[in-house]
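One structure is given here, and the rest of the page talks about it.
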Amino acid sequence: MLLAHGVGSKEDLPIPFGYALTGAGVAILVSFLVLLFLWREPRFDPERAGRPLPAPLARLIDSPVTRFVLRAVGLVATAYVVLAMVFGKDDALNPTAGVVYVLLWVGVPLLSVLIGPVWRLINPIRTLHLLLSRGMAVQPERGLSPLPSWLGYWPAAASLLAFVWLELIAPDNTSLTVLRLFFAVYLAAHLLAATWYGSRWFDHCDGFEVFSSLLGRLSVLGRRPSDGVLVLRNPLEGVASIAPVGGLFAVVGVLLGSTVFDSLSSSPSWVDFAQTSPLPPRVVSTLGLLTVVAIVTVAFAGASALTGRGTDQPPLRLAAEFAHSLVPIVAGYFVAHYWSLLVIVGQQTLIQLSDPLGTGADLLGTDGLTINGSLAGRTTTAVLQVAAVVTGHVLGVILAHDRAVRLLPRRHAIAGQIPLLVLMVGYTVGGLTLLFAA
Amino acid sequence: MLRATATVLFGAALLLTSGCSGGSTTAAPTDSSSGAAPASSSASSTDDSGHDSTDDSSSSATAGSADDAVEISVTVRKGKVIPRTRRVKVPEGSTVRLVVTSDVADEVHVHGYDLKKDIEAGQPGVIEFTADQSGVFEVELEHKALQLTQLQVQ
């Protein structure tokens, strides 16, 4: 993506061919090793996995005071940014676009990978809903009507699709007018829906919260589903504990597909194609985004359905059962795609936040700092990109394997995995190819 | 069927990407690949960026005027970019001379370096700068939102 008129309007150099080749080789090799030599009995048991945190620490994390402080921090920080969004100068020094496209979109999910689903705790819309419910003396969890289970994760997939369209295609998407409009609509829609369906709406339907919560399962810090105890656990157990709710694979498909489209659409061939087409470029881009998301999603649903042959599960159910295995792949590709943006524009945004209204103020004391690019140097970035993509792939393959030996009849368990494995190798080789060539 | 899908997917990815590597060009110094003759541009070839540039930027940018300069000429006619948008490899530290001619007045913007220059209809506009930051940068005709070329500085 491009943040107009700023340091963000620079893309990474292609990774060296040798890196791409090595990464692809390792990914393919590990895939076959997993298939041939990994356990044949399901190993992951999230209901019992993990070592509980020391009781005082767990009490501190779960205490109402901590929760209150986190909500307050979320609300105050949001109010601060809204101030810049509403009253700031609409120029390249305004921090709002950096906050939205880098800190919120990239920073929060990656922070979630490290320490768990943070957005759930600070989500300002959730807090506003809580305050509203208190004001009306109703329980926040209880809305006017129960949340229909068929909705699943579909609203989250839709709200994420809306956001990636804003990020990648919308005109003037770094201007304050457009950002105000998007977030006014986002706030209104989710606040209304939460009032109607209760705060459970946010768990499955708020795109930002769902994204943070899914990637948060990769953290070593998690909550055991059976008893809610905070535990330190193998991240794979965390991902395996993601409930196979309908539409999960669509969420993952939007996240993966949009990232792929972003790489693809920066290549000169795509630019030339979009610019010379008889249709307006934004229509071409929108169709391109939808096509890539659809291909990624449908290919995954097809592969899981083929993998689940021999069980009596319907195809959509199978896609939901295996969708968790794409979560580390999304995380890996996200790191690879956004690393240098996070490092460079992330720092730039922290500096700009010190002067939210463009008055020359230095409220946070970060004004005099300069951007340190050493974490995003060419070699560092390239190594990290390949490592992230390959690690995501390996974790995804292991997760899919464990789910397959749990779900599939024994005779079919190994051969049955081949479709999903081929698909994941395809994603990874395709991803590395894009890093090398687009 | 799935393998077929995966193969098609991967094939498409390969095709697209091979397409773009095919489209990327290493610009030879003093490569003037379009018909835009920047001979009359001496008045407009000032560097408004504040970047250090070579001294001879005011001499007409004909081939061979500066030994290590990479010259990229792009013409925009009826909303079409000629030559087609491609990626030009530029060695880091070399001088880049962008010559843009458009049939309507607009503004040329080199992203990342954040260099901007207004150009008149039919008059070649020249942006000359030292490519001292590595990365891939887009050069855009700002108001028409047309991407003219990409610079791959490394």
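Determine, yes or no, whether A:Arg48 is in a loop (DSSP other than H, G, I, E, B), of a type in the set (Lys, Arg), surrounded by 15 or more Cβ atoms within 10 Å (Cβ to Cβ) and in contact (Cβ under 8 Å) with a residue 60 or more places away in the chain.
It is false that A:Arg48 is in a loop (DSSP other than H, G, I, E, B), of a type in the set (Lys, Arg), surrounded by 15 or more Cβ atoms within 10 Å (Cβ to Cβ) and in contact (Cβ under 8 Å) with a residue 60 or more places away in the chain.
Residues of the stretch A:114-143 being closer than 13 Å to A:Ser213 by Cβ and of a type outside the set (Gly, Ala, Ser), which ones? Walk me through it before giving the result.
As a first pass, look at the stretch A:114-143 and keep what is closer than 13 Å to A:Ser213 by Cβ: A:115-123, A:126.
Residues satisfying the conditions are A:Ile115, A:Pro117, A:Val118, A:Trp119, A:Arg120, A:Leu121, A:Ile122, A:Asn123, A:Arg126.
Which one of the conditions (1) under 30 Å from A:Arg317 (Cβ atoms); (2) within 14 Å of chain B (Cβ to nearest Cβ); (3) touching a residue at least 12 places away in the same chain (Cβ under 8 Å) does A:Phe436 fail to meet, given that it meets all the rest?
Among (1) under 30 Å from A:Arg317 (Cβ atoms); (2) within 14 Å of chain B (Cβ to nearest Cβ); (3) touching a residue at least 12 places away in the same chain (Cβ under 8 Å), A:Phe436 violates only (1).
Inside the stretch A:277-296, can you point out the residues that are crowded, with 19+ Cβ neighbours inside 10 Å, away from chain B (no Cβ under 12 Å) and in contact (Cβ under 8 Å) with a residue 24 or more places away in the chain?
A:Leu289, A:Val293 - these are the residues of the stretch A:277-296 that are crowded, with 19+ Cβ neighbours inside 10 Å, away from chain B (no Cβ under 12 Å) and in contact (Cβ under 8 Å) with a residue 24 or more places away in the chain.
Could you list, in sequence order, all residues of the stretch A:120-148 that are within 26 Å of A:Gly247 (Cα to Cα) and either free of Cβ contacts under 8 Å to residues at least 12 places away in the same chain or aromatic (Phe, Trp, Tyr) (or both)?
Answer for the stretch A:120-148, where residues must be within 26 Å of A:Gly247 (Cα to Cα) and either free of Cβ contacts under 8 Å to residues at least 12 places away in the same chain or aromatic (Phe, Trp, Tyr) (or both): just A:Pro148.
Among the listed residues B:Val70, B:Val96, B:Val110, identify the single one that is modelled with pLDDT of 95 or more and either at the interface with chain A (Cβ under 10 Å from one of its Cβ atoms) or under 29 Å from A:Gly377 (Cα atoms) (or both).
Result: B:Val96 is the single residue among B:Val70, B:Val96, B:Val110 that is modelled with pLDDT of 95 or more and either at the interface with chain A (Cβ under 10 Å from one of its Cβ atoms) or under 29 Å from A:Gly377 (Cα atoms) (or both).
Among the residues of the stretch A:364-401 satisfying the criterion of being of a type in the set (S, T, N, Q) and either touching a helix residue (DSSP H, G or I) at 6+ places or on another chain (Cβ under 9 Å) or in contact (Cβ under 8 Å) with a residue 60 or more places away in the chain (or both), which is nearest to A:Gly430 (Cα to Cα)? Break it down into steps so the answer makes sense when it comes.
Residues of the stretch A:364-401 that are of a type in the set (S, T, N, Q), as a first pass: A:366, A:370, A:372, A:374, A:379-381, A:385, A:391.
If we keep only those that are either touching a helix residue (DSSP H, G or I) at 6+ places or on another chain (Cβ under 9 Å) or in contact (Cβ under 8 Å) with a residue 60 or more places away in the chain (or both) too, we end up with A:366, A:370, A:372, A:374, A:380-381, A:385, A:391.
Values: A:Thr366: 40, A:Thr370: 36, A:Asn372: 31, A:Ser374: 28, A:Thr380: 21, A:Thr381: 18, A:Gln385: 13, A:Thr391: 15 Å.
Checked the stretch A:364-401; the qualifying residue nearest to A:Gly430 (Cα to Cα) is A:Gln385.
If you scan the stretch A:403-421, which residues turn out to be over 23 Å from the mean Cα position of the chain (by Cα) and either within 20 Å of A:Leu256 (Cβ to Cβ) or assigned to a helix (DSSP H, G or I) (or both)?
A:Ala404, A:Val405, A:Arg406, A:Leu407, A:Arg410, A:Arg411, A:His412, A:Ala415, A:Gly416, A:Gln417, A:Ile418, A:Pro419
Of the conditions (1) surrounded by fewer than 20 Cβ atoms within 10 Å (Cβ to Cβ); (2) under 22 Å from A:Leu236 (Cα atoms), A:Val106 fails just one. Which one is it?
Here A:Val106 meets the rest and fails (1).
Could you please let me know if A:Leu70 is over 30 Å from A:Ala437 (Cβ atoms), at pLDDT below 95 and part of a helix (DSSP H, G or I)?
no
Does the stretch A:207-215 include one or more residues that are within 22 Å of the chain's Cα centre (by Cα), surrounded by 20 or more Cβ atoms within 10 Å (Cβ to Cβ) and at positive phi?
no
Quick one: in the stretch A:243-254, which of the residues that are more than 14 Å from the chain's Cα centre (by Cα) and in contact (Cβ under 8 Å) with a residue 60 or more places away in the chain is nearest to A:Phe44 (Cα to Cα)?
A:Pro244
A:Gly358: loosely packed, with under 15 Cβ neighbours inside 10 Å and either farther than 19 Å from A:Gly253 by Cα or within 14 Å of chain B (Cβ to nearest Cβ) (or both), yes or no? Steps first, answer last, please.
Values: loosely packed, with under 15 Cβ neighbours inside 10 Å: no; either farther than 19 Å from A:Gly253 by Cα or within 14 Å of chain B (Cβ to nearest Cβ) (or both): yes.
Judged against the criteria, A:Gly358 is not a match.
Could you count how many residues in the stretch A:254-276 are within 13 Å of another protein chain (Cβ to nearest Cβ) and under 17 Å from A:His337 (Cβ atoms)?
Result for the stretch A:254-276: 10.
Considering (1) within 30 Å of A:Leu408 (Cα to Cα); (2) crowded, with 21+ Cβ neighbours inside 10 Å; (3) of a type in the set (D, E, K, R), say which one A:Arg317 fails and leave the rest.
Among (1) within 30 Å of A:Leu408 (Cα to Cα); (2) crowded, with 21+ Cβ neighbours inside 10 Å; (3) of a type in the set (D, E, K, R), A:Arg317 violates only (2).
For the stretch B:73-151, list the strands (runs of 3 or more DSSP E) that sit wholly inside it and hold at least 3 residues that are out of contact with any Leu (no Cβ under 9 Å at 6 or more places or on another chain) and touching a residue at least 12 places away in the same chain (Cβ under 8 Å); which are they?
Passing ranges, in order: B:95-102.
What's the number of the only condition in (1) touching a helix residue (DSSP H, G or I) at 6+ places or on another chain (Cβ under 7 Å); (2) at pLDDT below 95 that A:Leu60 fails to meet?
Condition (2) is where A:Leu60 drops out.
Could you give me the residue pairs with C-beta distances under 6 Å whose first residue belongs to the stretch A:403-432 and is surrounded by 22 or more Cβ atoms within 10 Å (Cβ to Cβ), whose second residue is outside any helix (DSSP H, G or I) wherever it lies, and which are 6+ apart or on separate chains?
A:Ala404/A:Ala413
Spot the failing condition for A:Leu93; the list is (1) at pLDDT below 95; (2) under 23 Å from the mean Cα position of the chain (by Cα); (3) surrounded by fewer than 20 Cβ atoms within 10 Å (Cβ to Cβ), and only one is missed.
(2)
The values are calculated or read from the model by the stated rules, or taken from the named source; none is laboratory data. Keep in mind that what you see is a predicted model, and the values were worked out from it rather than measured. Positions of Cβ are backbone-derived with ideal geometry, glycine not excepted, and every protein chain shown enters the neighbour counts.
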